[in-house]
Amino acid sequence: MPKKRTKVISVFICLLMIAGVFSGLVVSTNAASSKTASAENNYGLLDDVHGGLIFHCWCWNFNTIKDNMEKIAKAGYTAVQTSPINKVYEGDDGGLKIKGDMGDGKWYYHYQPTAYTIGNYQLGTEAEFKDMCEEAHKYGVKVIVDVVANHTSPTKSAVSKDLLNIEGGLYHTYVGSSSNPDRKTTTQWYNGLPDVKTQNPKYQQLILKYLKQCVADGADGFRYDTAKHIELPDDDPEYASYFWPVVLDNGSSFQYGEVLQGMGSVEVASSRYADYSKIMNITASSYGAKLRTYFMMFDYSSRTLSDYSSEGVEPDKLVTWVESHDTYANGGLANNAGTSFWLNNNQIRKGWALIAARGTTSLFFSRPHGSSTDNIWGDNLIGPAGDDNYQHQEVVAVNHFHNAMNGEASSMKNVGSKKQVMITRGTKGAVIVNSDTSVDKAINTTTEIPDGVYTDTAYGNEFIVKGGQLTGTVKADTVAVLDSTDSEHYTSVIPEPTTEPVTEPETTQPVTPTKVKKDNTVKVTVSNKTVKAKKLKKSKVTVKPVKITNAKGAVEAVKVKKETDSKIYKKITVKKSTGAITFKKGKYSKKTYKIKIKVTAKGNSDYKSKTVSKTVKIKVK
């Protein structure tokens, strides 16, 4: 068949794949909604990995994971993620050191496949994998398997003959350049490791068979290593393939790809980040780097941290992390956002709170047992459990909060300095992170969570919400977790302060009675307004829908962000002293915008503080 005609047909088939197969994959991969798990577990875990919490048992073997399953479930993780479970390169002696004596550590042999059969010398046998999955399911925990399908071991003599002799060929022959990461180089050549010819239908079927066997043995989902290095159906017809539509149809319930985001514009374009999100969840590598920058003290602002840096991909398609095995174990410089080994466990927990308190699918990486910032390899053994930071009281409190708040909208703001960040979920609870390592922070901020007394589920400290005002103290370098759905840690009854009997003074000095403040008399009325879209295109428009009267003390009016207002939230400002609303110059849809305004009269020596919330409707016509 002539080459030109072949390309035309390929383009046509690719378009069909995008329109049909891809849409089907999105449904099949993420069909289930995140619900509380069935009665088989009592730990409040979510039924679906999507939106849940994944514990990456890096370098743990199957029996170790099995033996610790109850701890993992109690800690609130929806799923465990294993290292790759297929046969892998063993090296000179098949040793089980994470990092070898000659710098030839064995951990990265996980990522050097030699055959696609279940079981390897590092993790255990197929029978042990089955037993581990069975134990996980007893506790309502799902199993995610790491899959390496883009390359094999560079020691080709160790690769199985069945793979080497596969009909249609095993490897790509294209040689690109790491300094010019165009799309072809990204998908057809992998520097240092032999790049597999993923266009080969025989290879696609071999991987699909392996994945289906994993599912049959108990796996619930997959993580795909170096996913962006495997082409998509609508790539250039010269090298496009159906690899993803074929292998993702494996019967699992959750799948995500390691699609690392590029740094420069060329690399960003070559990664096709958003396009991979149409067929599976993808990793939020740039947000992880942003969190690590947070701990280098460059920016603590909630405005920065609230943005997932996901190139337009919706948060529910992301897998977020503070660190991954690559950022931890692949070397690099200390205090660099591309690495994470320099972070201590306290910082890891603060970063975890900043992602897991929100609604994304989040992954907690297990560092080696005995590790520290001075000795990142710790006991340096593949097989045993890693360190126990994954079940620290702060982490567990945040995990259970994440599960209890499933489906609630998320908002973030600084409280006090930029080192204190509060994440609120709907009107049901909040997590406060104090990253200051030396200063306890007294919190006094407005909130939408219910009035009442909260006992922080991490440390047992008391917080009070009264009249929409949250007060309490977050200890230095800790996390506080407040949950109105937890009856053991919350009561709506705020006890009245007790009045101690006054003892007559021994001296003749007069006793000054305690002054009781009166309720603030502030009143807030609103009137709906109309503005013209044509005028907004040319200039900003200010309206005065709020009238504040009888206020005692200084007045402060602020807008309250709501999910329905997110698109225009940054375009509007509210004048603190009057509540006047200004729409910035721009294009607005012709509809009615609802803007929630909180007005606080701060009171004085005679009157209490009082907050009144009103919703203003502004029609754009």
**OP:** Round to a whole angstrom and tell me the spacing of the C-alpha centers of the stretch 279-309 and the stretch 434-496.
**Re:** 26
Subject >> Calculated SAXS-style log₁₀ I(q)/I(0) at q = 0.12, 0.15, 0.17 Å⁻¹ - the stretch 258-316, Debye, Cα scatterers >> reply: -0.31, -0.47, -0.59
**OP:** Name the residue farthest towards the positive end of the dipole of the chain from the options I595, T471, I432, assuming +1 on Cβ of Lys and Arg, -1 on Cβ of Asp and Glu, about the Cα centre.
**Re:** I595
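Ignoring everything except DSSP H segments at least 4 long, calculate the 222 nm mean residue ellipticity for the chain; use -39,500 (n - 2.57) per segment, divide by total residues, nearest 500. Walk me through the numbers on the way to the answer.
Values: 17 runs with 138 residues, N = 621.
-6000 deg cm²/dmol, from helical runs alone.
Convert 25 °C to kelvin, take the viscosity as 0.890 mPa s, use the Kirkwood radius over C-alpha pairs of the stretch 523-620 as Rh, and evaluate the Stokes-Einstein diffusion coefficient in µm²/s, rounded to a whole number.
On the way: Rh = 14.0 Å.
Once the numbers are plugged in, D ends up at 175 µm²/s.
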Original post:
If you take the charge dipole of the chain about its Cα centre, with +1 on Lys and Arg Cβ and -1 on Asp and Glu Cβ, which of N520, I548, G351 is farthest toward its positive end?
Top reply: I548
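What order do you get for 614-620, 347-353 when each peptide is scored by the mean count of other beta carbon atoms within 10 Å, highest first? Don't skip to the answer; put the middle values down first.
On the way: 614-620: 16.4, 347-353: 25.7.
Output ranking for 614-620, 347-353: 347-353, 614-620.
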Original post:
Among P384, F583, T457, whose Cα lies farthest out toward the positive end of the dipole of the chain, if unit charges sit on the beta carbon of Lys, Arg (+1) and Asp, Glu (-1)?
Top reply: F583
**OP:** With just the Cα atoms of the chain, tell me how far they stretch along each of the three principal axes, in Å, largest first.
**Re:** 100, 67, 46
Subject >> Global size of the stretch 410-491 as Cα Rg and Dmax, reported in angstrom >> reply: 11.4, 32
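For an R0 of 45 angstrom, estimate the FRET efficiency from the Cβ-Cβ distance between S410 and K209 and round to the nearest 0.05.
On the way: r = 40 Å, r/R0 = 0.90.
Efficiency at R0 = 45 Å is approximately 0.65.
Values in this text are rule-based calculations from the coordinates and carry no lab data. Keep in mind the model is a prediction, meaning the values are calculated, not measured. No Cβ is skipped: glycine too gets one built from the backbone with ideal geometry, and neighbour counts run over all protein chains shown.
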